[in-house]
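Presented below is the structure to which this report refers.
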Amino acid sequence: MKNTIIISLFTLLAVQLATAKTVKDSISGFTFQKMQFEAVMDFDCDACGCSASGGSMGFSSMLNANFVGVRYFNQSYSSRDGIFANSPWIDENFNTTQVWAKIPISDKIQITALIPYHFHDRALTSGTEKISGLGDVTIMATYSVYQTQKDSAVFAHNLQVGGGVKMPTGKFKESNNLGTVNQSFQLGTGSWDYLLLTEYVIKRKDLGLNTMLNYTLKTENDKKYQFGNQLNYGSTLFYLLDLNSVQLVPQLGLAGEIYETNKQYGEKVPDTSGDVLFSKFGVEVGKDKFSVGVNAMLPLSQNLSSGRIEANYRWSVNLNYTL
């Protein structure tokens, strides 16, 4: 019965957001009781897991506006063990443990930091290959362009824009790319990369919808290799269940990624572009200053490296402490 009610509410929200008129002026932020909702802005990196900072799981908590925490996420892929059409398929697992934080600088500006540690493995026909170590550290800043302030508003809005930089702290090894389809089996890109991002949240009472768009500009590393630029987009529907001392936030949405072609010595590397569309779902539970979140993603459609790489699934779990 409860599941039916929640699904009905999600459907109702979609209809309301599409048809309702907005009342101007402002509410002070997006507060649900003592917790603030922040939109989940996706941030992935390098077509199939290389130095991934979020794996499109996002870099914001749904319950903690400002926090410090730790997150683990896993990305599973299958790819060709070789560059030929009849090369055998192998399994690849990209694992990341990440320290992340979102810290307010002022009422309108927030700084986000992501420090990943990777431990990846793949089952080659010649044996299992493993790599581990520090990934690329990312620092981002967002600015609130518009935020509803009036409590009586029917809808609350929040529009943010921002940017950031990903530093080449993760190791890039040319040997990892030799004779393999997945060029992203790396700890880092070896390059300075730059992000542009925007997110928009609209909320009515305990129901909300966030939409995000971000673009990563990637540069050439000292090995003359350059990963293709990347576009991420997505939208997530969320609902707050306030169970007295515990807040429960189920969420459901879509996330897409588009990768441009990689380059080496200025020349395009064949079969390194692609796109993938994921369904995403999860839940976050908050009590006092702590929250725990679990999220999962399943591909709906994909064309990675001309079909030579397949995304299987992604999942993550995180523990945060509210600042």
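Give the Debye-formula value of log10 I(q)/I(0) at each listed q (0.22 Å⁻¹), with one equal scatterer per alpha carbon of the stretch 220-323, two decimals each. Taking Cα atoms of the stretch 220-323 as identical point scatterers yields -1.09. Its Cα gyration tensor gives the stretch 197-244 an equivalent ellipsoid, and the semi-axes of that ellipsoid, as √(5λ) in whole Å with the largest first, are 37, 11, 7. Kindly provide the chymotrypsin sites (Phe, Trp or Tyr not before Pro) of the stretch 244-323 that DSSP labels as loop, not H, G, I, E or B, and whose Cβ sees at most 12 other Cβ atoms within 10 Å. Sites meeting the loop and neighbour criteria: Tyr265. Among the trypsin sites (Lys or Arg not before Pro) found in the stretch 242-323, those both in a DSSP coil and sparsely packed, with 15 or fewer other Cβ atoms within 10 Å of their Cβ, are Lys289.
Quote to one decimal, in nm, the extra length available between Leu124 and Ile139 on full extension: 0.36 nm per residue of separation minus the C-alpha distance between them.
Taking 0.36 nm per residue and subtracting the Cα distance, the gain is 2.0 nm.
For the stretch 245-284, taking the reciprocal of the average inverse distance between every pair of different Cα atoms yields a Kirkwood hydrodynamic radius of 13.2 Å.
Name the shape class, rounded, prolate or oblate, that the alpha-carbon gyration tensor gives for the stretch 158-229, where a ≥ b ≥ c are the square roots of its eigenvalues, rounded holds for a/c under 1.5, and otherwise prolate holds if a/b is larger than b/c and oblate otherwise. The shape class here is prolate. Taking the inverse of the mean 1/r over every pair of distinct Cα atoms in the stretch 85-153 gives a Kirkwood hydrodynamic radius of 15.9 Å.
The numbers here are math on the coordinates, done by the rules we state, and not lab data. All values derive from a computational prediction rather than experimental measurement. Note: ideal-geometry Cβ built from the backbone for every residue, glycine included; neighbour counts use all protein chains shown.
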